[in-house]
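The values are calculated or read from the model by the stated rules, or taken from the named source; none is laboratory data. Just so we're clear, the structure is a prediction, and the values are computed from it rather than from any experiment. Because the Cβ atoms are built from the backbone with ideal geometry, glycine has one as well, and the counts that use them run over all protein chains shown.
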Amino acid sequence: MTKSKVVFVVGHSNWGKSQTLRALTNDNYRVRRTSISGVEYFVRRMSNDDLPESFIDWMVTVNPERWPNILAALCPDFEASEKQTATVLQVLKDKGYKLFFWVLHKKFGSNEFIKPSEISNLRAFGKVEVIEDEWEAPVRGKKFKDFITSIQ
């Protein structure tokens, strides 16, 4: 049996995380489950920078038997007020999830970048792929799907 996994699309606020997930689900924001190469994933669109309490509560209570595969958005903020990020990631690992991070290195249409320390922090929890290119949402959705397929 394949180990349960959480695949995160990673970026800060307004970096295109939600648009990437929306593009992945054929531009339908209501889709909660999607199948990729025969594997069903639950889609969690709201990240820890959108609704922090909701994100933390859900991630801490998620059960790998009920939700073996999850696609989610994540802000890589590991600073003082967001220490919950590391705690949530550790809780997921402790539950048996394998973690994958597809990092949008650069904010779309901007010169802002994910900090090297944030990428390093993510590497402590799982496999990280850093995306250097800037793509419109439909292309990001396809590239994210390709990443998901490559780790199945």
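Here are the numbers:
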| quantity | calculated |
| --- | --- |
| Restricting the range 75-117 to residues that are surrounded by fewer than 19 Cβ atoms within 10 Å (Cβ to Cβ) and in contact with a His (Cβ under 9 Å, 6 or more places away or on another chain), the residue that is farthest from residue 143 (Cα to Cα) | 112 |
| Candidate set from the range 75-96 (those that are touching a residue at least 24 places away in the same chain (Cβ under 8 Å) and of a type in the set (D, E, K, R)); member that is nearest to residue 14 (Cα to Cα) | 77 |
| Selection within the range 46-57 - surrounded by 14 or more Cβ atoms within 10 Å (Cβ to Cβ) and either polar (S, T, N, Q) or touching a strand residue (DSSP E or B) at 6+ places or on another chain (Cβ under 6 Å) (or both) | 47, 48 |
| Those residues of the range 42-57 which are within 15 Å of the chain's Cα centre (by Cα) and free of Cβ contacts under 8 Å to residues at least 40 places away in the same chain, in sequence order | 42, 43, 44, 45, 46, 47, 49, 50, 51, 52, 55, 56 |
| Single match in 72, 137 (criterion: under 22 Å from residue 37 (Cα atoms), in contact (Cβ under 8 Å) with a residue 60 or more places away in the chain and surrounded by 20 or more Cβ atoms within 10 Å (Cβ to Cβ)) | 72 |
| Residue identified as touching a residue at least 60 places away in the same chain (Cβ under 8 Å), surrounded by fewer than 17 Cβ atoms within 10 Å (Cβ to Cβ) and of a type in the set (Val, Ile, Thr) among 60, 31, 7, 39 | 39 |
| Tally, over the range 10-28, of residues that are surrounded by fewer than 14 Cβ atoms within 10 Å (Cβ to Cβ) and among the aromatic types (Phe, Trp, Tyr) | 0 |
| Count - residues of the range 110-143 that are touching a helix residue (DSSP H, G or I) at 6+ places or on another chain (Cβ under 8 Å) and of a type in the set (Ser, Thr, Tyr) | 0 |
| Selected residue (criterion: surrounded by the fewest Cβ atoms within 10 Å (Cβ to Cβ)) from residues of the range 118-128 that are of a type outside the set (Val, Ile, Thr) and under 12 Å from the mean Cα position of the chain (by Cα) | 127 |
| Residues satisfying the stated conditions in the range 105-135, i.e. within 20 Å of residue 146 (Cα to Cα) and among the acidic types (Asp, Glu) | 129, 132, 133, 134 |
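One line per residue, one yes/no per condition, for (1) at pLDDT 90 or above; (2) among the small types (Gly, Ala, Ser); (3) more than 24 Å from residue 4 (Cβ to Cβ):
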{"site": "36", "(1), (2), (3)": "yes, no, no"}
{"site": "59", "(1), (2), (3)": "yes, no, no"}
{"site": "72", "(1), (2), (3)": "yes, yes, no"}
{"site": "84", "(1), (2), (3)": "no, no, no"}
{"site": "92", "(1), (2), (3)": "yes, no, no"}
{"site": "103", "(1), (2), (3)": "yes, no, no"}
{"site": "111", "(1), (2), (3)": "no, no, yes"}
{"site": "121", "(1), (2), (3)": "yes, no, no"}
